[in-house]
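Step one of this worksheet: look at the structure below.
The values are calculated or read from the model by the stated rules, or taken from the named source; none is laboratory data. Because the structure is predicted, anything quoted here is derived from the model rather than measured. A quick note on method: Cβ atoms are made from the backbone with ideal geometry, for glycine too, and the neighbour counts reach across all protein chains shown. When the accessible area is computed, the model is the full protein with side chains, heavy atoms only, and any ligands, DNA or RNA have been set aside. Shrake-Rupley method; radii C 1.70, N 1.55, O 1.52, S 1.80 Å.
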Amino acid sequence: MVIKCLEDYDAISSHAADIVAAAIIEKPSGVFGFATGSTPVGLYKSLIARYQRGEISFSRLTTMNLDEYVGLSADHEQSYRFFMQRHLFGHVDVRPECIYFPPESGEPSAFDDLIQSKGGIELQILGLGSNGHIGFNEPGSAFDSRTRVVGLASSTIRDNARFFEHSRDVPHQAVTMGIRTILEARQILLLASGANKSDAVVRSLEGPQTENVPGSCLQSHHNVTVLLDDAAAAGLTRNEK
Ligand code: F6R
């Protein structure tokens, strides 16, 4: 695991964009896993700028998003499909028919088969929940879990209430790639910024690997890069500048 501590959010975003752009250039028809939430917004801005400068193209990519709320339509402003349109897909040349989200109905684990049938995920982008979740794999999620419908932890509902008009509007269920699904990606890029992530960062990166801290599963993956700002990295005993 490579852990890099950078000065601030902008530095994380542009360093992350370097990594994602290099992977797209190397595998222009690869499968890329995207995350939502506030953390990757700067990364997506930087990818759009690179696309506009002609440095990268999304035209042959397949995209697989990590998760989606259950019960929100694609045109609901807080749905993750809407988020991705607004922050990335609507600004680049990705083909709409190559954009996939985990399905909330039918058999969600069919999403894992779909990922495999497209060749597997080249690079998976992740944020980290303040409770250590990755995707919506909340504490207690099995390390061998597949894509499935899950209940959101009350801390996640509280954290995500900032995006909704009323906290009662936050969905209580989501469909998420499983931990095993995420670990099957060939490369993982985890981003975390801000003091409210520092505890989850320490527990994920330096604590024991336990299903109580979903992010700790990443310690067993052979190709993970973690980009942190100083505030998120504050509790780590080791970090590289
Ligand atoms: C989003 C996702 C979540 C977020 C996490 C951090 O697709 O899977 O795990 O990455 O909740 O969210 P932010 O970035 O808003 O702090």
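I'd like to check something: does segment 89-105 contain any residue that is modelled with pLDDT under 95, surrounded by 15 or more Cβ atoms within 10 Å (Cβ to Cβ) and under 27 Å from S220 (Cβ atoms)?
No, that holds for no residue.
E97 fails exactly one of the following numbered conditions: (1) out of contact with any helix residue (DSSP H, G or I) (no Cβ under 9 Å at 6 or more places or on another chain); (2) at negative phi; (3) in contact (Cβ under 8 Å) with a residue 60 or more places away in the chain. What is the number of that condition?
It is condition (3) that E97 fails.
Can we say V202 is open to solvent by 10 Å² or more (accessible area, probe 1.4 Å), among the aliphatic types (A, V, I, L, M) and within 20 Å of E7 (Cβ to Cβ)?
Taking the combined requirement at face value, the residue satisfies it.
Do you know which of the residues in segment 52-70 that are open to solvent by less than 60 Å² (accessible area, probe 1.4 Å) and assigned to a loop (DSSP other than H, G, I, E, B) is nearest to the ligand (Cβ to nearest atom)? It would help to see each step written out before you state the result.
The first filter runs over segment 52-70 and keeps only residues open to solvent by less than 60 Å² (accessible area, probe 1.4 Å), leaving 56-59, 61-70.
Still in the list and also assigned to a loop (DSSP other than H, G, I, E, B): 56-59, 61, 66, 70.
On the way: I56: 22, S57: 24, F58: 18, S59: 24, L61: 18, L66: 5, V70: 14 Å.
Restricting to residues being open to solvent by less than 60 Å² (accessible area, probe 1.4 Å) and assigned to a loop (DSSP other than H, G, I, E, B), the top hit is L66.
Out of the residues in segment 113-130 meeting the condition of being under 28 Å from G42 (Cα atoms) and not in a loop (DSSP other than H, G, I, E, B), tell me which one is most open to solvent (accessible area, probe 1.4 Å).
Selected residue: E122.
Does segment 191-212 contain at least one residue that is within 11 Å of the ligand (Cβ to nearest atom) and more than 17 Å from the chain's Cα centre (by Cα)?
yes
What tally of residues in segment 72-85 results from selecting those that are within 14 Å of the ligand (Cβ to nearest atom) and either without any contact (Cβ under 8 Å) to a residue 12 or more places away in the chain or not in a loop (DSSP other than H, G, I, E, B) (or both)?
Of the residues in segment 72-85, 6 are within 14 Å of the ligand (Cβ to nearest atom) and either without any contact (Cβ under 8 Å) to a residue 12 or more places away in the chain or not in a loop (DSSP other than H, G, I, E, B) (or both).
In segment 10-46, which residue that is within 16 Å of the ligand (Cβ to nearest atom) and more than 15 Å from the chain's Cα centre (by Cα) is most open to solvent (accessible area, probe 1.4 Å)?
Here the residue is K45.
Within segment 132-241, considering only helices (runs of 4 or more DSSP H) that don't extend past its boundaries, which have at least 3 residues that are over 13 Å from D67 (Cβ atoms)?
Here the list reads 154-160, 198-205, 230-233.
How many residues, within segment 127-145, are within 11 Å of the ligand (Cβ to nearest atom) and either of a type in the set (G, A, S) or out of contact with any helix residue (DSSP H, G or I) (no Cβ under 6 Å at 6 or more places or on another chain) (or both)?
7
If a residue must be within 11 Å of the ligand (Cβ to nearest atom), over 16 Å from the mean Cα position of the chain (by Cα) and of a type in the set (S, T, N, Q), how many such residues does segment 146-156 contain?
Summing the residues that are within 11 Å of the ligand (Cβ to nearest atom), over 16 Å from the mean Cα position of the chain (by Cα) and of a type in the set (S, T, N, Q) in segment 146-156 gives 1.
Which residue out of R180, R162, R158 is farther than 20 Å from F82 by Cα, at pLDDT below 95 and open to solvent by 10 Å² or more (accessible area, probe 1.4 Å)?
Only one candidate qualifies: R158.
Give me the pairs, please: first residue somewhere in segment 50-71 and in contact (Cβ under 8 Å) with a residue 12 or more places away in the chain, second residue anywhere and among the basic types (K, R) and open to solvent by less than 60 Å² (accessible area, probe 1.4 Å), beta-carbon distance under 8 Å, and either six or more positions apart or on two chains.
I56/R50
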